[in-house]
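Here's the structure, in structure tokens; my notes come after.
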Amino acid sequence: MNFDDILAAAVHSLGERKFRLALNVLGILIGCAAVTGLVSVTQGLTDEVATQLEMFGPNNIMVIPFEIRPGAGLVGNSFNWRDIQVMEKVSHIKYLTPIIGNKIAWYNLRGERYRATVFGVEPIYFKIFQTYEVEEGRALLRADKGAVVIGHLIAQPRGEDEPLIEVGDRIKFTVTVAGEDKEEVFRVVGIMKEIGGTFGSEDDQSVMIPFREAQQLYEVGSSVDFVSIMVDHVDNVDLVREEIEDKFDDNVMVMSFDLIKEQVGSVLGTIEAVLGGIAAISLLVAGVGIVNTMTISVMERTREIGVLKAIGGKKTDILYMFLSEATITGFLGGVLGAAFGFAMGKFVGDYIGLPVSTSIDLGAFVVGFAIVTAVLAGLYPAWRASNMHPVDALRYE
């Protein structure tokens, strides 16, 4: 038998057993869809994190006055002006700014109450984070009082077709300090360009006010939540990071672009591997199903196998015919599963607002994995069929 005859016989056999074929394909489809969907969502998350990290800047460093201790979590106190002066003496620093961050404020627009994240910054903040662009108006100036630069979602909340706040408008913020509400009015001098994305939405809902006014509004005194630094050259980032850690006896967290990328990549890689492994179990279960159904198929077709051998069919012909059936089953299940998995991932991504990576390489890998699984599952039944004695097969009832 030539290849075309073997393939035609395999297709004819599968066509006669459509229900069994559908069950095998369904088992593989579920496993492939799970692998494709979960991995595509995780890869999309990885791409999103990488994009957001690019906005952080490869020359930038964030110094946080806390350290992580096993069993104790974050341990440490806020920076003070003496700490800022110590950091200013570190070599290779181009820009440095203290920041009062992650404070909460509330404001009302057209009868709706909205939440904003407040940052107290110096004007040099906008030179350090150059990817945060002011779309309308201008950035903060040293002489500004009662001024604010707002994120895109502050000016135009979700669901609104047009901006509700424009440059020159005033916003009244309400904050809670020591259990008491305080109100402060700020004039909008700039509106930031939309950052977007899953993680950027927090920045789009932030407002930046002058550092001194943040100190007064939140009554934090001379304390500083963290410090942002731009290093003069990317090659000096590690030197600056190590020098700062030495000056503070490793009691601070110095986060650089490469360090954050490495840590996030490690976490996401572990998540992707775990999710992919869980989904791959479904394919193994499908493989067991193929072994079962193909073994039964060999038993049902024993006389047919005997006839094929009696008229000159070789052991390899029988082997290849059954392996072809397994290959076709795996290919159909892999293609349909990959397509369904991408569609499922896209649906989940749209629902949670996360971009999904639908790469051809992932689809090809899943289809290939499905074929290999199906062929390995069909190997024993095919070998058993090819080694049947023709006389015994013809006598089989």
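Overall dimensions of the range 74-192, expressed as equivalent-ellipsoid semi-axes from the Cα gyration tensor (√(5λ), whole Å, largest first), are 29, 19, 12. Put in line by how crowded their Cβ is, counting other Cβ atoms within 10 Å and starting with the fewest, PHE129, PHE347 read PHE347, PHE129. Relative to the current alpha-carbon distance between GLN85 and ASP161, full extension at 0.36 nm per residue lengthens the span by 22.7 nm.
The mean sequence distance of close C-alpha pairs (under 8 Å, at least 6 residues apart), as a share of the length of the range 77-250, puts its relative contact order at 34 percent. Compared with the alpha-carbon gap, the fully stretched path from ALA143 to VAL11 is longer by 39.5 nm at 0.36 nm per residue.
Cβ-to-Cβ counts within 10 Å put THR174, THR373 in ascending order as THR174, THR373, the fewest first.
Here, each number is a calculation from the coordinates, and none is a lab measurement. Because the structure is predicted, anything quoted here is derived from the model rather than measured. Reconstructed Cβ throughout: ideal geometry from the backbone, glycine too, with neighbour counts over all protein chains shown.
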